[in-house]
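For reference, the structure is listed below as structure tokens.
The values are calculated or read from the model by the stated rules, or taken from the named source; none is laboratory data. Small disclaimer: the values here were computed from a predicted structure and weren't measured. Virtual Cβ from ideal backbone geometry, glycine too; neighbours counted across all protein chains shown. Calculation scope for accessible area: heavy atoms of the full protein, side chains included, ligands and nucleic acids excluded. Shrake-Rupley method; radii C 1.70, N 1.55, O 1.52, S 1.80 Å.
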Amino acid sequence: DLFFHKIGGFVQCQIMPFFIYGYVSLPMVALYNNYTIITQKMQSLVGGVLGSSSPGVGSLIAAGNKVKIFKIYKEIFVLYYFTSFVIATSIYYLISDFIVLWLGSDEYILGESVAFLICLNLFLLHKKALGENSPKAILT
């Protein structure tokens, strides 16, 4: 299951520029990459902060208390979803202004629907990261 998550993540993040180039144009790939740079950095930041709980969860799993493991898992699940929602919503509303500030022109702005899809993708990547770190195999 983890293998397919890794392959899916690769296809989702690395193959998408080729599809954009094939169906739209090369300049659109550059505009898309401006957005993905921002979302990848935010994903790294959030992953670093939330990923720091993994050693504690590992110690908890080693202790073997399934009720406490599930309780902590539910808390981490809610925390991941809440932070993913806040980050994706914030990026959706602020990314266009940030790109204008960063690159100095509004000609590098993609449409609002594209920004929504990029933010939805970011939210789903965070959801997938939670699934990869799930202790469900221990609880069964």
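In table form, for the structure just shown:
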read-out	value
Simple spin-label estimate for Q14 and N34 in nanometres, 7 Å along Cα-Cβ	2.7
With DNA, RNA and ligands ignored, accessible area of T83 (1.4 Å probe; Å², nearest 10)	30
FRET E, pair L117, S52, Förster distance 30 Å, beta-carbon r, rounded to 0.05	0.50
Fraction of the pair-distance distribution of region 55-109 above 13 Å, Cα-Cα pairs, percent	69
Computed accessible area, S25, all protein chains, 1.4 angstrom probe, square angstrom	40
Of K74/K128; K41/K66; K41/K71; K41/K68, pairs whose Cα-Cα distance is over 27 Å	K41/K66; K41/K71; K41/K68
Separation of the S25 and L101 label points, Cα + 7 Å toward Cβ, nm	2.9
D_trans [Stokes-Einstein, Kirkwood Rh over alpha-carbon pairs] for region 1-80, 4 °C, 1.567 mPa s, µm² s⁻¹	83
Solvent-accessible heavy-atom area per residue, rounded to whole Å², over the chain at 1.4 Å	66
Normalised convex hull volume, the chain, alpha-carbon set, Å³ per residue	108
